[in-house]
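One structure is given below, encoded as structure tokens.
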Amino acid sequence: SHFLSLSLQAKMSRPVQARRLEGIDKNIWVEFVKLAATYSTVNLGQGFPDFPPPDFLKEAFVGALSGENQMLHQYTRAFGHPPLVKILAQFFGKLLGRDLDPMTDVMVTVGAYQALFCCFQAFVDEGDEVIIIEPFFDCYEPMVKMAGGTPVFVPLRPKAPKDGKLMSSADWQLDPAELASKFSERTKAIVLNSPNNPLGKVFSRGELELIADLCVKHDILCISDEVYEWLVYDGKEHIRIASLHGMWDRTVIIGSAGKTFSATGWKVGWTVGPNRLLRHLRTMHQNSVYHCATVAQEAVAQGFQRELERYGKPDSYFVQLPKELQQKRDWLVQSLDAVGMKPIVPEGTYFLVADISEFKSDVPDVPDSDEPYDSRFAKWMVKNKGLAAIPLSAFYCGPHKNNYNHFIRFCFAKEEATLKAANDILQKWKREKTSP
Ligand code: PMP
């Protein structure tokens, strides 16, 4: 009993979590990844390919792991394995048409996620505002808040397409006056994500110029999440905002080997930008993660070396992958259109957003529920149909979640068999709906 009273006394009663965690402890991925694991037979939810990375990349990893160079099992340079920062500097130097110093203008991170975290922690102070374009990759909001900043949201607004045509992600646009109205003296940065997750929107030059002009006018930073830079379809061009007038000096480009080489589990990402910005990212990185897995960095370096030699040629992975994904997109667009779950045709990324309005009768609405309709629909769908997708409301801030609550996001970076299985589920569902 002495023992018992000691342990009772030792139990903590005061709150343990730091204030910065208040209000950000719920996360939709925890919930939906678990639901998909429990119920789904076809998982088009979370964004990762179910096909392997290219052979040359796997071989590079195996070679690095089992080769002569024992040092690849040990720490490497904290801000990026030298071969990787060198090839990234060369590659992005070519894309941006400027000389990059691998030691100061490039930093390797644990996926694009850590690159984002470093940016918000390094640049955002208490009271600073950060503009986020909705719908947005959901982690931007809690990351800004954890840094003490205030996210300010501006939506892409959909315009109905002409006569019976399918909507395109290009039909979702910023209202220039509304965007301009969000900039103030407190604005520190804007987050740009083109190609955009979840819509698949690829921002046009005009749209990027609008954003760039506002950044220059108000002297603010641009955190440019370009993880889907190679996944652009229909001959569209990915334009790097850092290449626009006045932007290099104020932009951090964020990339990911996960998306670039279809190896999301490797968690190799990077930042590219001027030393005056990246030196602060190095301070953050130094005092948190410090270092990323050496073997994975070595393999990604070799992957980029190969791609540099084949740049723009038909056997380049950066040419082949978007071709394959465009085909997968087209299959899913067709499947969804055929059953009346109207797809918004994406110009890029792994993702496609579809309108569930015609299926609403299958999933009863609960009036006055706190949960947006699309979220309940997606849960019902995975439990009853075995098909996993993510509600679009997950990509909006709290007060705006119900503005867009009749869409769900599918990931089409999947094997043909997976997409076919999804099509079978949709067809069967449609038949059951129409035949009494
Ligand atoms: N940004 C966007 C827009 C993403 O979609 C993702 C991954 N879903 C990330 C960043 C994170 O990338 P990584 O896996 O390299 O950390």
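Taken together, the values in this text are just the output of simple stated rules run on the coordinates, not laboratory data. None of these values were measured; they are calculated from a predicted model. Note that each Cβ is placed from the backbone with ideal geometry, even for glycine, and that neighbours are counted across all protein chains shown.
Looking at segment 286-436, I'd like the Rg to Rh ratio, where Rg is from alpha-carbon atoms and Rh is Kirkwood's inverse mean 1/r. Taking Rg over the Kirkwood Rh, I get 1.09.
Taking a ≥ b ≥ c as the square roots of the eigenvalues of the Cα gyration tensor, segment 310-382 is prolate, since a/c reaches 1.5 or more and a/b is larger than b/c. Let me make sure I get this right: for segment 245-290, a, b and c are the square roots of the gyration tensor eigenvalues over alpha carbons, sorted descending. Under 1.5 in a/c it's rounded, otherwise prolate if a/b > b/c, else oblate. Which is it? Cα axes put segment 245-290 in the oblate bin. Pairs exceeding a 31 Å alpha-carbon distance, out of Lys145/Lys360; Lys162/Lys385; Lys94/Lys342; Lys26/Lys94; Lys86/Lys313; Lys201/Lys414: Lys145/Lys360; Lys162/Lys385; Lys94/Lys342; Lys26/Lys94. For segment 55-310, the alpha-carbon coordinates run over 60, 46, 31 Å along the three principal axes, in decreasing order. The alpha carbon centroids of segment 182-219 and segment 123-148 are separated by 14 Å. Using the Cβ of Arg157 as centre and a radius below 13 Å, the other residues enclosed give a net charge of -3, where K and R count +1 and D and E count -1. The modelled label-to-label distance for the pair Met103/Arg276, using points 7 Å beyond Cα in the direction of Cβ, is 2.1 nm.
Helical runs assigned H by DSSP (4 residues or longer) give the chain a calculated mean residue ellipticity at 222 nm of -12500 deg cm²/dmol, each run adding -39500 (n - 2.57) before division by the residue total.
In this structure the amide hydrogen of Gln173, modeled in the peptide plane, comes within under 5 Å of the amide hydrogens of Arg157, Lys159, none closer than 5 places in sequence on its chain.
With a length cut of 18 Å (Cα positions projected on each helix's long axis) and a Kyte-Doolittle mean of at least 1.0, go through the chain and give me the DSSP H helices that pass. Length and hydropathy pass: 82-96, 111-123. Take the Cα of Arg77, step 7 Å toward its Cβ, do the same at Lys323, and the gap between the two points is 3.5 nm. For segment 1-113, what does the alpha-carbon gyration tensor say about shape, rounded, prolate or oblate, given a ≥ b ≥ c as the root eigenvalues, a/c under 1.5 as rounded, and a/b over b/c as prolate? Prolate, because a/c is 1.5 or more and a/b exceeds b/c. Stokes-Einstein, applied to the Kirkwood radius of the chain over Cα pairs at a viscosity of 1.567 mPa s and 4 °C, places its translational diffusion at 56 µm² s⁻¹. Along the axis of the charge dipole computed for the chain (Cβ charges of +1 for Lys and Arg, -1 for Asp and Glu, origin at the Cα centre), the listed residues Tyr317, Leu221, His238 are led at the positive end by Tyr317.
Straight-line cross-link partners of Lys430 among the aspartates and glutamates, defined as a Cα under 16 Å from its Cα and at least 8 positions apart when in the same chain: Asp337, Asp355, Glu358, Asp362.
Each of Trp270, Trp429 was scored by other Cβ atoms within 10 Å of its Cβ. Arranged with the fewest first, they read Trp429, Trp270. Result for the chain in a Gaussian network model with C-alpha springs under 10 Å: among Gly148, Gly348, Gly269, the largest mean-square fluctuation is at Gly148. Working ranking of peptides 114-123, 40-49, 69-78, 419-428 by packing, defined as the average number of other Cβ atoms within 10 Å per residue, highest first, is 114-123, 40-49, 419-428, 69-78. For the pair Asn287 and Met12, the difference between a 0.36 nm per residue extended length and the Cα-Cα distance amounts to 96.1 nm. Which residues make up the longest stretch of the chain clear of GluC sites (Glu not before Pro) that lie in a DSSP loop with no more than 10 other Cβ atoms within 10 Å, not counting the sites? Of all site-free stretches, the longest is 238-436. For segment 73-193, a simple Cβ point-charge model (Lys and Arg +1, Asp and Glu -1, everything else neutral) yields a dipole of about 440 debye relative to the Cα centre.
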